[in-house]
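This report refers to the structure that appears directly beneath it.
Nothing in this text is a laboratory measurement; each read-out follows from the coordinates by a stated rule. Here the structure is a predicted model, which is why all the values come from computation and not from measurement. Quick reminder, even Gly has a Cβ in these numbers, built from the backbone with ideal geometry, and neighbours come from all protein chains shown.
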Amino acid sequence: MNRYYCHDCAAVNGMLRPPPKGETLTDNVYKLEKYIKHTFPNSSSHYRTVFTGVSSERYQHYVVTAVASGHVQIDNRNRVNIVWIGSETTGIALQGGRFIGNMKAVKVVFHSDTNRIHGYPISVSEINSARCVQCRRIIPY
Ligand SMILES: [Zn+2]
């Protein structure tokens, strides 16, 4: 089961670290593959979500924004993920290269693992309502 912390409690607890910037977001094969997967649309048959806009700038922008403003989700393997809900369209979903929907949120996974941290657009419908385990505030808010 996932545990959630609102942004304020996560910040107070020191759970939020500044994300890598610039080339350090893509400085190994794993991160580079994730970056390419989520910034360049292609006709892969798999479901994937892709950020809109100039790829390298948008990618960094959304990873930084999510960490600066998002709430924290700790999954059942104790991995720290961050979810940020935008007021704008963050990206699109594709299946078989075909557009299937707009995304309005961003998820950053492996936030505390500098060798794996990456982000991708997600649909707001993937986000469950939850309460911060610390202050009981409803998330997302
Ligand atoms: Zn809280």
Considering only the range 59-78, I want to know if a residue exists there that is under 25 Å from Ile100 (Cα atoms), among the hydrophobic types (A, V, I, L, M, F, W, C) and in contact (Cβ under 8 Å) with a residue 12 or more places away in the chain. yes
State all residues of the range 1-35 that are over 15 Å from the mean Cα position of the chain (by Cα), assigned to a helix (DSSP H, G or I) and either within 16 Å of the ligand (Cβ to nearest atom) or without any contact (Cβ under 8 Å) to a residue 40 or more places away in the chain (or both); if no residue qualifies, say none. Asp8, Cys9, Ala10, Ala11, Val12, Gly22, Glu23, Val29, Leu32, Glu33
Considering only residues of the range 103-141 that are under 17 Å from Tyr62 (Cβ atoms) and among the small types (Gly, Ala, Ser), which is surrounded by the fewest Cβ atoms within 10 Å (Cβ to Cβ)? Ser123
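Given the structure, is Met15 closer than 30 Å to Arg136 by Cα, surrounded by fewer than 13 Cβ atoms within 10 Å (Cβ to Cβ) and among the hydrophobic types (A, V, I, L, M, F, W, C)?
Values: closer than 30 Å to Arg136 by Cα: yes; surrounded by fewer than 13 Cβ atoms within 10 Å (Cβ to Cβ): no; among the hydrophobic types (A, V, I, L, M, F, W, C): yes.
Criteria not met by Met15.
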So Ser125 passes all but one of these: (1) in a helix (DSSP H, G or I); (2) touching a Phe, Trp or Tyr at 6+ places or on another chain (Cβ under 8 Å). Which condition number does it fail? (2)
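If I ask for residues that are in contact with a helix residue (DSSP H, G or I) (Cβ under 8 Å, 6 or more places away or on another chain) and either free of Cβ contacts under 8 Å to residues at least 12 places away in the same chain or under 18 Å from Ser123 (Cβ atoms) (or both), which ones from the range 36-49 would you list? So that I can check it myself, show each step before the final result.
Going through the range 36-49, the residues in contact with a helix residue (DSSP H, G or I) (Cβ under 8 Å, 6 or more places away or on another chain) turn out to be 38-40, 48.
His38, Thr39, Arg48, listed by residue number.
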How many residues are in contact (Cβ under 8 Å) with a residue 24 or more places away in the chain, of a type in the set (Gly, Ala, Ser) and more than 16 Å from the ligand (Cβ to nearest atom) if we restrict to the range 102-141? 3
